[in-house]
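One structure is given below, encoded as structure tokens.
The values are calculated or read from the model by the stated rules, or taken from the named source; none is laboratory data. Everything numeric in this text was worked out from a predicted model, so none of it was measured. Quick reminder, even Gly has a Cβ in these numbers, built from the backbone with ideal geometry, and neighbours come from all protein chains shown.
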Amino acid sequence: MRMFVGHGQRRAHGLRTATGRQHEDRDQNQDQAAHRRLLYCSAKACAGSVIAACRKVIQRTCCIAWLYPETPVITDTAPPNLLLSTDSRLVIIDVQDRLLAAIDGADAVVANCVKLVTAANRLGVLVAATEQNPEGIGPTTSALAALIQRSFGKSHFSAARQADFLAWAAAGGTVLLAGTETHVCVLQTALGLKALGLRVAVIIDAAGSRTAVSKQAALDRLRFHGVELITVEMVLFEWLERYDRPEFKELLRLIK
């Protein structure tokens with residue numbers, strides 16, 4: 001009887017022990033879950049604080065940058081998108097008397113070409129003329145021929161397709177184009193040089209066509225293809241760079 005009772009007691013004790021361990025495991029799991037929730041909430045709150053702090057820093061930085069922009073560094077070097085006399089070459093395209101007879105505003109075109117060539121010669125800028133079929137049409141008009149030392153005869157409308165001219169034009173610097181006709185030889189030469197990777201600009205008040213409509217269409221197309229459109233005065237003042245140089249007063253007379 002005592003043996004039976006002792007066995008029952010031990011069994012009951014074992015059940016109580018197992019139940020206690022289950023309760024302990026459950027409590028431990030609950031504690032761990034609560035700890036994880038606490039960590040998650042803390043991390044979330046910390047992340048929120050960091051994001052808010054970053055937003056404030058960004059807003060403050062933007063305001064400071066707007067109120068107090070960085071002071072630029074002053075240098076005496078011209079920006080690369082300006083024309084320099086040391087990095088330019090001027091081309092007078094097909095300004096021949098037989099062609100000029102049909103050009104709208106021919107006198108103004110020739111006068112502006114003379115201003116450009118005169119300034120170029122004074123400032124040491126390379127100058128050349130092209131002549132379309134010179135044997136049949138004749139040479140460059142005399143007012144310009146007397147000022148230009150180098151000329152290239154051509155059969156293509158685009159001077160960029162003439163090997164000798166192309167070698168000269170590609171030797172360095174921005175190629176500035178003036179002359180006639182804007183919608184034919186000037187346009188084709190500009191687009192040809194541009195396609196070859198050269199920097200090209202067309203001087204619009206020193207270029208002419210038979211009709212204003214043709215000239216405007218050419219300028220629109222040149223602009224569309226990324227060719228710079230400039231004026232005589234832009235060229236002269238960018239070549240000069242400053243007023244306190246000996247050539248300034250002399251060349252200023254050209255545009256007054």
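I need the full set of residues from region 108-135 which are over 18 Å from ALA169 (Cα atoms), of a type in the set (S, T, N, Q) and buried (at least 22 other Cβ atoms within 10 Å of the Cβ), in order please.
Of everything in region 108-135, just one residue is over 18 Å from ALA169 (Cα atoms), of a type in the set (S, T, N, Q) and buried (at least 22 other Cβ atoms within 10 Å of the Cβ), namely ASN112.
From the set of residues in region 79-107 that are exposed (fewer than 13 other Cβ atoms within 10 Å of the Cβ) and outside any helix (DSSP H, G or I), which is modelled with the highest pLDDT?
ALA101
Can you find a residue in region 141-161 that is surrounded by 23 or more Cβ atoms within 10 Å (Cβ to Cβ), touching a helix residue (DSSP H, G or I) at 6+ places or on another chain (Cβ under 9 Å), aromatic (Phe, Trp, Tyr) and under 27 Å from SER85 (Cβ atoms)?
No; the residues of region 141-161 include none that is surrounded by 23 or more Cβ atoms within 10 Å (Cβ to Cβ), touching a helix residue (DSSP H, G or I) at 6+ places or on another chain (Cβ under 9 Å), aromatic (Phe, Trp, Tyr) and under 27 Å from SER85 (Cβ atoms).
Identify, from the list LEU191, LEU254, the residue that is modelled with pLDDT of 95 or more and at negative phi.
Matching residue, one of LEU191, LEU254: LEU191.
Criterion first (surrounded by fewer than 20 Cβ atoms within 10 Å (Cβ to Cβ), in a strand (DSSP E or B) and not small (Gly, Ala, Ser)) does LEU229 satisfy it?
When the stated conditions are applied, LEU229 passes them.
If you take the residues in region 188-198 that are touching a residue at least 12 places away in the same chain (Cβ under 8 Å) and not in a helix (DSSP H, G or I), which one is farthest from GLY173 (Cα to Cα)?
Looking at residues that are touching a residue at least 12 places away in the same chain (Cβ under 8 Å) and not in a helix (DSSP H, G or I), I get LEU196.
Is it the case, given these coordinates, that ASP76 is at pLDDT 65 or above, farther than 27 Å from ARG199 by Cα and of a type in the set (Asp, Glu)?
When the stated conditions are applied, ASP76 does not pass them.
With the structure loaded, tell me whether LEU252 is in contact with a Phe, Trp or Tyr (Cβ under 9 Å, 6 or more places away or on another chain) and free of Cβ contacts under 8 Å to residues at least 12 places away in the same chain or whether it fails that test.
Criteria met by LEU252.
Select from region 183-198 the residues that are in contact with a helix residue (DSSP H, G or I) (Cβ under 7 Å, 6 or more places away or on another chain) and more than 13 Å from ALA159 (Cα to Cα) and write down the one among them that is surrounded by the fewest Cβ atoms within 10 Å (Cβ to Cβ).
So the residue we want is LEU198.
Looking for something part of a helix (DSSP H, G or I) and among the acidic types (Asp, Glu) - is there at least one such residue anywhere in region 118-134?
no
Name the one entry in ALA171, ALA201 that is in contact with a Leu (Cβ under 9 Å, 6 or more places away or on another chain), surrounded by fewer than 18 Cβ atoms within 10 Å (Cβ to Cβ) and either in contact (Cβ under 8 Å) with a residue 40 or more places away in the chain or in a loop (DSSP other than H, G, I, E, B) (or both).
Answer to the check: ALA171.
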